[in-house]
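Each remark here refers to the structure printed beneath this line.
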Amino acid sequence: MVLLAPPNQGSEVADWFREQELGHLLGPAGMGLGTGETGVPASLPPPEYEVGIIAGNRSLNPIGSALIPGPDDGLVGVENTRIEDVPLIVVPRSHTFLMNDRFTTEAVIGFLRTGAFPPVPAPE
């Protein structure tokens, strides 16, 4: 399995929406994606199957990026996508467009075939 920009450690953006009492804009599923101990991500056990993660580090969301420490895709910080001992690659894409990227598609196919990600190409 390959996860694309997953909030495995939660998202500070979801935390902010909850703090501003704007959670209704995210809906119940989005509200569960906070970084706290009561968030859904904190309740999940480590995967018992082969998994890889692809995260993005380009943002089209300056407000979201201001809430997230370190590199992020505008909604999820790269560090918050991590699961211990799970392969991770970071590509220069935003959360919204990560799935439409040709390299992302090739990386998913490569991981599903071989259990490893190809090297990320150098920025153009």
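The values are calculated or read from the model by the stated rules, or taken from the named source; none is laboratory data. Note that the coordinates shown come from a computational prediction; the quantities given were computed from them, not determined experimentally. Ideal geometry is used to build each Cβ from the backbone, glycine not excepted, and the neighbour counts take in all protein chains shown.
If you go through region 1-28 and keep only what is among the hydrophobic types (A, V, I, L, M, F, W, C), surrounded by fewer than 18 Cβ atoms within 10 Å (Cβ to Cβ) and within 22 Å of residue 63 (Cβ to Cβ), you end up with 16, 22, 25, 26. Checking the structure you have, find out if any residue of region 48-59 is within 15 Å of the chain's Cα centre (by Cα) and touching a residue at least 60 places away in the same chain (Cβ under 8 Å). Checked region 48-59: at least one residue is within 15 Å of the chain's Cα centre (by Cα) and touching a residue at least 60 places away in the same chain (Cβ under 8 Å).
When residue 104 is tested against (1) within 15 Å of the chain's Cα centre (by Cα); (2) outside any helix (DSSP H, G or I); (3) β-branched (Val, Ile, Thr), just one condition goes unmet, and that condition is (2).
When we screen 83, 53 for residues that are out of contact with any Phe, Trp or Tyr (no Cβ under 6 Å at 6 or more places or on another chain), at pLDDT 95 or above, not hydroxyl-bearing (Ser, Thr, Tyr) and not in a loop (DSSP other than H, G, I, E, B), the only hit is 53.
Only residues that are surrounded by 12 or more Cβ atoms within 10 Å (Cβ to Cβ), more than 15 Å from residue 88 (Cβ to Cβ) and among the β-branched types (Val, Ile, Thr) were counted across region 29-76, and they come to 3. Please work out if residue 58 is modelled with pLDDT of 95 or more, in a loop (DSSP other than H, G, I, E, B) and of a type in the set (Lys, Arg). The answer is yes for residue 58.
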